[in-house]
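**Q** If you scroll down you'll find the structure; I have some questions about it.
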Amino acid sequence: MSRKLSNKQMNMKGFEQLKIDYHHFMVKYFVHEKRPLDAAKSCQVILNTYIENDQLDSTQGKALKRTAFENFGFFLLVSVFGEERQELLKNVTEKYARELDQNDLVKYYVTRFLGAELIPLDEAKIAVDCSKYEPFASMENASLHLQDLIKQIIQHNIRILERYYSLIQLPRLS
């Protein structure tokens with residue numbers, strides 16, 4: 001069904017709410033299929049639609065835009081490392097700087113994942129900090145998303161160690 005709809009038609013004026021509803025359903029589908037990068041892209045479309053819509057000056061509109069940004073950022077963070085993910089993370093810092101400044105936790109992780117420093121790994125603190133956000137609290141694979149975020153932090157730290165050391169031999173990394 002999702003392939004039958006044309007993005008060109010949904011981008012027409014007057015279809016904004018339909019576009020948002022469609023992408024909310026796609027986020028649910030991608031979460032169910034365990035495809036967080038695609039879920040992040042759908043959240044990005046929702047966010048862009050909210051940003052382009054002039055009627056978002058209300059407090060409800062601002063809350064919806066904030067939730068869309070948080071979901072976009074966290075789904076990017078839990079997705080598997082790759083070139084596309086890194087480009088989207090850079091895009092977050094450039095295109096969504098205002099939204100990034102309003103959310104300290106997303107900003108912390110995005111800048112850390114783009115940087116060349118180790119990220120401290122305190123699983124209990126990460127679980128508590130992330131528990132108030134939708135991808136880690138009220139969505140279908142919430143516990144899996146938390147595990148994926150921790151895995152991505154570990155993988156990031158290994159990539160950083162790899163940059164600084166030519167040969168690392170550890171019997172166990174956890």
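The values are calculated or read from the model by the stated rules, or taken from the named source; none is laboratory data. Fair warning: this is a prediction, and the values are worked out from it, not measured in the lab. Neighbour counts run over all protein chains shown; Cβ positions are idealised from the backbone, glycine included.
**Q** Could you pull out the residue among VAL110, VAL78 that is touching a His at 6+ places or on another chain (Cβ under 9 Å) and either more than 24 Å from GLU140 (Cβ to Cβ) or buried (at least 20 other Cβ atoms within 10 Å of the Cβ) (or both)?
**A** After applying the criteria, what remains is VAL78.
**Q** Pick from the range 125-167 the residues that are loosely packed, with under 13 Cβ neighbours inside 10 Å and of a type in the set (Ser, Thr, Tyr): which of them is farthest from LEU114 (Cα to Cα)?
**A** Per the criteria, the residue is SER138.
**Q** Same structure again: Return a yes/no flag: does the range 40-49 have any residue that is assigned to a helix (DSSP H, G or I), over 19 Å from LEU114 (Cβ atoms), modelled with pLDDT under 90 and not polar (S, T, N, Q).
**A** Among the residues of the range 40-49, not one is assigned to a helix (DSSP H, G or I), over 19 Å from LEU114 (Cβ atoms), modelled with pLDDT under 90 and not polar (S, T, N, Q), which makes the answer no.
**Q** Mind listing whichever residues of the range 50-76 are over 16 Å from the mean Cα position of the chain (by Cα), in a helix (DSSP H, G or I) and not β-branched (Val, Ile, Thr)?
**A** Within the range 50-76, TYR50, GLU52, GLN60, GLY61, LYS62, ALA63 qualify.
**Q** Quick check on my filter: what residues within the range 52-99 are at pLDDT 90 or above, more than 17 Å from PRO135 (Cβ to Cβ) and aliphatic (A, V, I, L, M)?
**A** ALA97 - this is the single residue of the range 52-99 that is at pLDDT 90 or above, more than 17 Å from PRO135 (Cβ to Cβ) and aliphatic (A, V, I, L, M).
**Q** Consider the range 109-145. How many of its residues are in a helix (DSSP H, G or I), of a type in the set (A, V, I, L, M, F, W, C) and in contact (Cβ under 8 Å) with a residue 24 or more places away in the chain?
**A** Total satisfying the criteria: 7.
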